[in-house]
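Each remark here refers to the structure printed beneath this line.
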Amino acid sequence: MTDEDGSQERVLELYGTIAEESWFDDDITPEMFKNELFSGEGPVTVWINSPGGDCIAASRIYTMLMDYHYNVTVKIDGIAASAASVIAMAGTKVLMSPTAMMMIHNPATIAAGDHEDMRKAIDMLNEVKESIINAYEIRTGLSRAKLSHLMDTETWMNAYKAIELGFADGILEDGKTKDGDISAFSFSRKNAQTELLNRIYAKYRPEPEEEVKPIGRKVDELKARLESIKKYI
């Protein structure tokens, strides 16, 4: 593959789960990626289709690409989710297929122990989140508060929404079709759940109970009736 300036461009594929160690055939480790990246020189194109994985392993790959001395073109043809979205941020240019998706969310872990262990786990996750926001902020220019909210709600973005928010630069095109009126959208799982529950409640909420009308006569009426009866006793 030849770049615009005539130099030979290498192609790398990041297809599969990102992990520190390879457990399955489709795992990508930092060491594997490093061997591929530095096996030659010149600009590279990195194709991404990954559900994410280990955030530390993703950080190492992100740093390799950021430190690489040539242009890095990231092309997302399937999905760049979770930790894979962080790696995508290292591209000199980020392009997405019209059918591709990007997803960002809060980091997660598994912890066990007492309340101090749980507190340490929460502190650790907060710091990991801030480190991920660093990568998103550098590329998008969005505020940290905005990015934090997008992560809190687990946001899914199509290509046009990713471009609108600054996560991507353009659409992968082949020249056979022209751009149409395709709208940008993002999907928040938590917001969607809340909206659905609100709609269900509005449709099936119980009707307010009708006012219970007293049966029989009032006390004052009964007293008056008794007084009148006394006259005839």
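The values are calculated or read from the model by the stated rules, or taken from the named source; none is laboratory data. Quick caveat: nothing in here was measured; it's all calculated off a predicted structure. Positions of Cβ are generated from backbone atoms using ideal geometry, with glycine treated the same way; all protein chains shown enter the neighbour counts.
Going by the conditions given, is GLU20 in a loop (DSSP other than H, G, I, E, B) and either within 25 Å of GLU154 (Cβ to Cβ) or among the charged types (D, E, K, R) (or both)? So GLU20 fits the description; yes. May I ask you to list the residues in the stretch 53-71 that are free of Cβ contacts under 8 Å to residues at least 40 places away in the same chain and assigned to a loop (DSSP other than H, G, I, E, B)? Hits for the stretch 53-71 are ASP54, TYR68, HIS69, TYR70. The selection criterion, being touching a residue at least 12 places away in the same chain (Cβ under 8 Å), polar (S, T, N, Q), more than 23 Å from LYS146 (Cβ to Cβ) and touching a Leu at 6+ places or on another chain (Cβ under 9 Å), holds for ASN49. Got a sec? Which of VAL94, VAL74, VAL86 is touching a residue at least 40 places away in the same chain (Cβ under 8 Å) and not in a helix (DSSP H, G or I)? Sole residue among the options that is touching a residue at least 40 places away in the same chain (Cβ under 8 Å) and not in a helix (DSSP H, G or I): VAL94. All conditions in (1) in contact with a Ser or Thr (Cβ under 8 Å, 6 or more places away or on another chain); (2) outside any helix (DSSP H, G or I); (3) surrounded by fewer than 20 Cβ atoms within 10 Å (Cβ to Cβ) hold for MET32, with the sole exception of (2). Note on the stretch 75-128: among residues that are out of contact with any Asp or Glu (no Cβ under 7 Å at 6 or more places or on another chain) and of a type in the set (S, T, N, Q), the one that is farthest from ALA168 (Cα to Cα) is THR109. The residue list ILE182, ILE163 contains one member that is at pLDDT 75 or above and either surrounded by fewer than 15 Cβ atoms within 10 Å (Cβ to Cβ) or closer than 23 Å to THR92 by Cα (or both), which is ILE163. Being outside any helix (DSSP H, G or I) and either under 19 Å from LYS75 (Cβ atoms) or not basic (Lys, Arg) (or both) is a property that MET157 has. For the stretch 104-146, residues that are of a type outside the set (S, T, N, Q), free of Cβ contacts under 8 Å to residues at least 24 places away in the same chain and in a helix (DSSP H, G or I) total 19. Would a scan of the stretch 162-170 turn up a residue that is part of a loop (DSSP other than H, G, I, E, B) and more than 16 Å from the chain's Cα centre (by Cα)? There is at least one residue in the stretch 162-170 that is part of a loop (DSSP other than H, G, I, E, B) and more than 16 Å from the chain's Cα centre (by Cα). For the stretch 20-52, a tally of residues being within 27 Å of the chain's Cα centre (by Cα), at pLDDT 95 or above and small (Gly, Ala, Ser) returns 2.
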